[in-house]
Amino acid sequence: DAAKDFTLCSELRVETPDTNEGKELLTFCKKISTPLKKALEKQNTVLREPKANRPVMHVLFLANNTAYVGHSYSYNNSPFFMGILRLRMPNDGPSRSTLKLDEAFNVFIPEQQRESRVQAGMRSVDLGACPGGWCYQLIKRKLVVEAVDHGEVASNLLASGLIEYYPQDGFLYQPQQGNVDWLVCDMIEQPTRVSELMLSWIISGKANACIFNLKLPMSKRHKVVLPILNRLKEQLSDKFGKFVLQAKHLYHNRDEVTVVIIVNSQMLHSYSENKP
């Protein structure tokens, strides 16, 4: 009844919060999904077969007798169950932070575009690389990495032959060959300072694209990150006719937001408009 006035939706997703209490409801959600979908089909609220470009209905159960009902748009929702991309920690990964960059590549770069945007042999810089969690994802994709950090990078990564290690300050470092395809950064530093560093690399042409984390305070996170994103958009709009700027609180993040910027024309060939 709560959904009878909804626009026609292409599919139904029955979900729970990602909490211990929510996980206990998953069996219940599986049992109720089929009869609920049939009832919604009968009242012409959900299609029998999914159809592209139609909204998706979400029923979020907080308990077996309490749920929120809503819908999301096909161009702005997650393809993953409950919005979570489940990744397995690699046995030889030096830190769990490696999952952050793995998720970022999967979320921000569509599968059909990854081959052109993240190619073997591309040059990259990892600022604040120690112990090498983000380097791991770069060399996994066969990128050549300039790893910058006063701390040590895991020896098994250095043995790959794809990493050049530079024990320097990430805020002072300059790329060895003028510019790089990808700049990545997960330094524990003030978010405004990190964003300005990333912006300087992009505006000056030292990097064609970047992925970085903004470490946010425990309170007023939105008030901190919104001005940063607005400044990035303003500066990129002034410099480039076309660009990608996206930000998301990824599942494998904690109190941080991951941002991607792409300005290289070859990487942008499939984009018809700016996507802040």
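The values are calculated or read from the model by the stated rules, or taken from the named source; none is laboratory data. The model shown is predicted, which means the values in this text are computed figures rather than measured ones. Note: ideal-geometry Cβ built from the backbone for every residue, glycine included; neighbour counts use all protein chains shown. The area values use the complete protein model at the heavy-atom level, side chains included, leaving out ligands, DNA and RNA. Shrake-Rupley method; radii C 1.70, N 1.55, O 1.52, S 1.80 Å.
When a/c is below 1.5 the answer is rounded, else prolate if a/b is larger than b/c, else oblate, so apply that to the chain with a ≥ b ≥ c taken from the square roots of the Cα gyration tensor eigenvalues.
It is prolate, given that a/c is not under 1.5 and a/b is the larger ratio.
Computed from phi, the 3J(HN,Hα) profile of the range 103-115 under the Karplus parametrisation 6.51, -1.76, 1.60 (θ = phi - 60°) reads 5, 4, 4, 6, 7, 7, 10, x, 3, 6, 10, 5, 5 Hz, with x in place of Gly and Pro. Heavy atoms of the protein chains alone define the surface here; on that basis the chain has 54 Å² accessible area per residue at 1.4 Å probe size. Between the range 175-250 and the range 152-166, the C-alpha centres lie 25 angstrom from each other. Distance between the modelled labels on residue 233 and residue 172, one decimal in nanometres: 3.6 nm (7 Å Cα→Cβ projection).
Return the long-range amide H neighbours of residue 216 (sequence gap of 5 or more, or a different chain), with a cut-off of under 5 Å between placed amide H atoms. Long-range HN contacts for residue 216: 256, 257.
Among 97-105, 45-53, the peptide with the highest mean count of other Cβ atoms within 10 Å heads the list, and the full ranking is 97-105, 45-53.
Against the chain, whose longest principal axis is taken from its Cα atoms, helix 26-42 shows a tilt of about 60°. Straight Cα distances below 16 angstrom link residue 215 to the aspartates and glutamates 186, 189, 196, 255, 256, with same-chain residues fewer than 8 positions distant left out. Summary of the geometry: the range 5-36 and the range 121-151, compared by the centres of their Cα atoms, lie 40 Å apart. Full extension of the chain between residue 114 and residue 150 gives 9.8 nm of extra length, using 0.36 nm per residue less the Cα-Cα distance. For the cross-link pairs 51/248; 206/239; 100/142; 31/51; 23/100, the ones whose C-alpha atoms lie over 20 Å apart are 51/248; 31/51; 23/100. Under the criterion of Cα pairs below 8 Å and six or more residues apart, the relative contact order for the chain equals 12 percent.
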